[in-house]
Amino acid sequence: MFFSVYPIDSNLPNILLSSNSFGTISLKQCPHCPYSTERSSNFKNHMAVHTGERPYVCDVCMKSFTQKGNLKTHLRLHSGERPYACKICQERFTQRVHLTTHEFKHKRFV
């Protein structure tokens, strides 16, 4: 599949269009770095890297985050919630990535 990417207007270099056999997709190009995405929500999250905006604040410790999901994960530290359990030893974790890393320890000894 071939994509052609071009600016839709010389006054808007940060918005591109990509045409393919399925139609036209609007891409958002970061004016500060090479990042681009077709999803507005991803673009908004990315722009927080450049603006320093951290609108999601923990009510317990006042730590702030750029994304709502990161705050939700952080709140597990305060609540003690550990939703991810190892099927081998039942150790529990606050994040799936920590469980995945842990599971490699079991695989080393198989």
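Here, each number is a calculation from the coordinates, and none is a lab measurement. What you are looking at is a predicted structure, and each value in this text was computed from that prediction instead of being measured. Counting neighbours? That spans all protein chains shown, and the Cβs are built from the backbone with ideal geometry, glycine included.
Brief remarks follow.
- Summarising the amide proton neighbourhood of Tyr35: residues at separation of 5 or more, or on other chains, whose placed amide H is nearer than 5 Å comprise Cys30.
- Couplings 3J(HN,Hα) of the stretch 48-60, computed from phi: 4, 4, 7, 8, x, 5, 9, x, 9, 10, 6, 6, 7 Hz, in residue order, whole Hz [Karplus 6.51 cos²θ - 1.76 cosθ + 1.60, θ = phi - 60°; x for Gly and Pro].
- Counting Lys and Arg as +1 and Asp and Glu as -1 over every other residue whose Cβ lies under 14 Å from the Cβ of His50, the net charge comes to +2.
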